[in-house]
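> What follows is a structure written as structure tokens; I'll ask about it next.
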Amino acid sequence: MIESLLRENIRNLKPYSSARSEFKGKADIFLDANENPFKGKYSRYPDPLAMNLKRLLSNHKQISLEQIFIGNGSDEAIDLLIRAFCEPGKDAIRVLDPSYGMYEVSASINDIKILRSPLTQLFGLDPKFSNTEWSENEKILFICSPNNPSGNCFDIEIIRSLIETYPGIVVVDEAYIDFAEQTSATVLVEDYNNIVILQTMSKASGSAGLRIGMAFAQKEIINIFNRVKPPYNVSQIAQEAAISQLNNRAEIAAQINKIKAQRAWLENELKQLTIVKKVFPSQANFLLVRVSDAESTYHNLMNKGIIVRKRDGMLHCDQTIRITVGTAAENRKLIETLKNSGNETGN
Ligand SMILES: *Cc1c(COP(=O)(O)O)cnc(C)c1O
């Protein structure tokens, strides 16, 4: 079934093959890749499949090695999925609206149509969604859980039923799952060959600068990623740094707990401000906040050197800003600034 969803040129693709991946024995002289022979820390090409990093992830996440893909950020995985499955000028992806912007950007760059299924005012799945008439040319459904920009999760059983009814690939983007109470949809990988889970080291793992994204899926889809990806898509520095970061798990876990405690503090403080109309409950490390005047709140904060994200162009997001949970000191400063700017404008 997965093969038949692929673009024809990808089905027939002969992937780039390096001499080193073709050679199975053991060698100690490498004259195949035009590298500089003098020994240096970075003189050799990196491991194309990032096996050491995958072994560690496989252990931590209890997912088998062959069900893991490592990308140059999860944004690379999004792009590769679209390029592998969607025929430019013909096929479509489906997104829930509002959601993460990169699905649409990647689709547009590749000349792929975008079908939007609106969420409810509170960003839940519309009960009518299950009656959607799927388009013949739609290939991928993107579900972001916890959702960006709203912060809510979709129930794992809802996700399961979507996987069972959707005629193409279902991508569950779990960039923020480490901040959520909900269990990861990786538990579904064993049961379905059309699910792809995306996670990233950019958010909870504190390594946005490394550009390490992960996709978890059955072997068939992982092999497709590996065929389509640039051969050396993750640098050696990034692979090594990711490994040492993953060996730092206790510290990351403590940071996640602090961020969750700060999220609760921030939510409570925001709710007491008169300019704040609503704080949407969040399972992520940000809060979507409806204020009386998003534009002026955004500019007032910016003038004080505090950058937040204006989200009020998005569906159901009128007069909202999205605020990332910072350190305790940063969050206090934010609240103080909002209190003062509220006074200045007479709110
Ligand atoms: C931040 C974010 C990502 C990030 O991806 P990387 O490329 O791994 O940094 C992916 N999905 C969502 C929903 C995000 O918010």
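Residues checked against (1) out of contact with any strand residue (DSSP E or B) (no Cβ under 8 Å at 6 or more places or on another chain); (2) in a helix (DSSP H, G or I); (3) within 30 Å of Ala242 (Cβ to Cβ):
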{"residue": "Gln262", "(1), (2), (3)": "yes, yes, yes"}
{"residue": "Leu266", "(1), (2), (3)": "no, yes, yes"}
{"residue": "Lys278", "(1), (2), (3)": "no, no, no"}
{"residue": "Glu295", "(1), (2), (3)": "no, yes, no"}
{"residue": "Ile321", "(1), (2), (3)": "no, no, no"}
{"residue": "Ala329", "(1), (2), (3)": "yes, yes, yes"}
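> Look at segment 215-224 and say how many of its residues are open to solvent by less than 10 Å² (accessible area, probe 1.4 Å), away from the ligand (no atom under 12 Å from the Cβ) and not in a helix (DSSP H, G or I).
Number of matching residues: 2.
> Return the total of residues in segment 103-123 being within 14 Å of the ligand (Cβ to nearest atom) and crowded, with 17+ Cβ neighbours inside 10 Å.
Going through segment 103-123 one residue at a time, the tally reaches 4.
> From Ile212, Ile243, grab the single residue that is in contact with a Leu (Cβ under 9 Å, 6 or more places away or on another chain), among the hydrophobic types (A, V, I, L, M, F, W, C) and crowded, with 19+ Cβ neighbours inside 10 Å.
Matching residue, one of Ile212, Ile243: Ile212.
> What tally of residues in segment 258-289 results from selecting those that are closer than 19 Å to Asn147 by Cα and open to solvent by 60 Å² or more (accessible area, probe 1.4 Å)?
Qualifying residue count for the region: 2.
> Taking Arg227, is it open to solvent by 20 Å² or more (accessible area, probe 1.4 Å) and over 30 Å from Thr324 (Cβ atoms)?
Taking the combined requirement at face value, the residue satisfies it.
> Continuing with this model, one more query. From Ser106, Ser117, Ser135, grab the single residue that is in contact (Cβ under 8 Å) with a residue 24 or more places away in the chain, polar (S, T, N, Q) and outside any loop (DSSP other than H, G, I, E, B).
Within the list Ser106, Ser117, Ser135, the selection yields Ser106.
> In this structure, does Val234 turn out to be over 27 Å from Ile156 (Cβ atoms), within 16 Å of the ligand (Cβ to nearest atom), among the aliphatic types (A, V, I, L, M) and in contact with a strand residue (DSSP E or B) (Cβ under 8 Å, 6 or more places away or on another chain)?
yes
> Could you tell me whether any residue of segment 145-160 is among the polar types (S, T, N, Q), more than 15 Å from the ligand (Cβ to nearest atom) and without any contact (Cβ under 8 Å) to a residue 60 or more places away in the chain?
Within segment 145-160 (the criterion being among the polar types (S, T, N, Q), more than 15 Å from the ligand (Cβ to nearest atom) and without any contact (Cβ under 8 Å) to a residue 60 or more places away in the chain), the answer is no, since none of the residues qualifies.
> Could you tell me which residue of segment 161-177 is farthest from the ligand (Cβ to nearest atom), considering only residues that are under 14 Å from Glu138 (Cα atoms) and assigned to a loop (DSSP other than H, G, I, E, B)?
Pro167
> Inspect all residues belonging to segment 66-83 and state whether any of them is within 18 Å of Tyr232 (Cβ to Cβ) and without any contact (Cβ under 8 Å) to a residue 60 or more places away in the chain.
Yes - at least one qualifying residue is present in segment 66-83.
> For segment 52-78, which residues satisfy the criterion of being closer than 17 Å to Leu210 by Cα and either open to solvent by 50 Å² or more (accessible area, probe 1.4 Å) or of a type in the set (D, E, K, R) (or both)?
Asn52, Lys54, Asn72, Asp75, Glu76
> So Gly151 clears everything in (1) farther than 27 Å from Arg309 by Cα; (2) of a type outside the set (Phe, Trp, Tyr); (3) outside any helix (DSSP H, G or I); (4) within 14 Å of the chain's Cα centre (by Cα) except one condition, right? Which one?
With respect to (1) farther than 27 Å from Arg309 by Cα; (2) of a type outside the set (Phe, Trp, Tyr); (3) outside any helix (DSSP H, G or I); (4) within 14 Å of the chain's Cα centre (by Cα), Gly151 is out only on (1).
> Is there a residue being closer than 20 Å to Trp134 by Cβ, touching a Pro at 6+ places or on another chain (Cβ under 9 Å) and assigned to a loop (DSSP other than H, G, I, E, B) anywhere in segment 47-67?
The answer is no, given that none of the residues of segment 47-67 is closer than 20 Å to Trp134 by Cβ, touching a Pro at 6+ places or on another chain (Cβ under 9 Å) and assigned to a loop (DSSP other than H, G, I, E, B).
> Take segment 184-200 and flag every residue that is surrounded by fewer than 24 Cβ atoms within 10 Å (Cβ to Cβ) and either away from the ligand (no atom under 16 Å from the Cβ) or within 17 Å of Glu220 (Cβ to Cβ) (or both).
Those that are surrounded by fewer than 24 Cβ atoms within 10 Å (Cβ to Cβ) and either away from the ligand (no atom under 16 Å from the Cβ) or within 17 Å of Glu220 (Cβ to Cβ) (or both): Thr186, Val187, Leu188, Val189, Glu190, Asp191, Tyr192, Asn193, Asn194.
> I would also like to ask the following. Scanning for something open to solvent by less than 60 Å² (accessible area, probe 1.4 Å), part of a strand (DSSP E or B), within 20 Å of Ser4 (Cα to Cα) and within 16 Å of the ligand (Cβ to nearest atom), does segment 80-93 turn up at least one residue?
Scanning segment 80-93, I find at least one residue that is open to solvent by less than 60 Å² (accessible area, probe 1.4 Å), part of a strand (DSSP E or B), within 20 Å of Ser4 (Cα to Cα) and within 16 Å of the ligand (Cβ to nearest atom), so the answer is yes.
The values are calculated or read from the model by the stated rules, or taken from the named source; none is laboratory data. Note that the structure is predicted; figures quoted are calculated from it, not measured. Note that each Cβ is placed from the backbone with ideal geometry, even for glycine, and that neighbours are counted across all protein chains shown. Side chains included, ligands, DNA and RNA excluded: accessible areas come from the protein's heavy atoms. Shrake-Rupley method; radii C 1.70, N 1.55, O 1.52, S 1.80 Å.
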